[in-house]
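Working notes, beginning with the structure itself.
Read-outs: derived from the displayed coordinates by stated rules, not from any lab. Predicted model only: the values in this text are computed from it and were never measured. Virtual Cβ from ideal backbone geometry, glycine too; neighbours counted across all protein chains shown.
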Amino acid sequence: MNIAYFLKTKAEVSYLYEDYTLRQGLEEMRKHGHTAIPVLSADDKYIGTISEGDFLWFLVDDRKENLYKTNFDNIDKIQIKNIFKKGKNPSVRITATMDELLMRAMDQNFIPVVDDRNYFIGIITRRDIMRYINSKLTNDNKNTLLEEKDVN
C-alpha cells in the first residue's frame, strides 16, 4: 500500500519554523489545539517535533538554572530552536512501507513525511493508520464469514 494515501499534506497541517519564538509556538499550538507540532528549518526541511512538554520543561529548567530569568516579557526573544531536541519523532520518506508506519505509530501520534531531499511534505496520523487497520480487519472478518457460509 502506498502511504501517500494517508498523507495530510503540508498545506493541511500546522507546523512551526525553528526561528519562531516561544510565544509564537505556544500561540500556534493553542489556536489549533495541538499537543505536538512539526518544526521546520527556514528552507522547509523537517528537523523535529516540539510538544507542550518541551515548552513546559524549558520554562521550568530555565527558571531553575537562571534564577527566574525567563518571564513573559522576554518569551518573544527565545527561539524554538533553543527549546526542542532535534530528532524527536523521526520522519519517514514518502516511499516508506506500511510496516515502518506501524512501528512508528506505536510511539508517535503522527509521523512526519519527507521527500528524498528531506523536505517536509506532510504527516500521517496514528488515527488514520488505525482506521486503515480496522477496515482491513473488518473486511477480512466479513470475507471469512462469507467463506464459512459458502462451505456450509
Take the Cβ-Cβ distance between Asp44 and Met103 as r, set R0 to 25 Å, and report the resulting FRET efficiency rounded to the nearest 0.05.
-> 0.45
Efficiency of FRET from Cβ geometry, Arg23 and Lys86, R₀ 25 Å, rounded to 0.05 = 0.75
What net charge do the residues around Ile124 carry, taking every other residue with its C-beta under 10 Å from that of Ile124, with Lys and Arg at +1 and Asp and Glu at -1?
-> +3
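Output the relative contact order of region 3-125, whole-number percent, from Cα pairs under 8 angstrom with separation of 6+ residues. All intermediate terms of the calculation are to be shown ahead of the outcome.
Working: 194 pairs, mean separation 39.6, N = 123.
Relative contact order of region 3-125: 32 percent.
Below 12 angstrom from the Cβ of Lys86, what's the summed charge of the other residues (Lys, Arg +1; Asp, Glu -1)? Walk me through the numbers before you get to the answer.
Working: positive: Lys45, Lys81, Lys85, Lys88; negative: Glu18, Asp54.
Value of the local net charge: +2.
Listed highest first by mean packing, meaning other Cβ atoms within 10 Å per residue, what order do 46-52, 11-17, 28-34 come in?
Per-residue Cβ counts within 10 Å, averaged per peptide and sorted highest first, yield 46-52, 11-17, 28-34.
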Once you charge only the Cβ atoms, +1 for Lys and Arg and -1 for Asp and Glu, what is the size of the charge dipole of region 3-125 about its Cα centre, to the nearest 20 debye?
-> 120 debye
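Assuming a ≥ b ≥ c are the square roots of the Cα gyration tensor eigenvalues, decide whether region 3-125 counts as rounded (a/c under 1.5), prolate (otherwise, with a/b larger than b/c) or oblate. Before the final figure, lay out the partial values.
On the way: a/c = 2.37, a/b = 2.07, b/c = 1.15.
Prolate.
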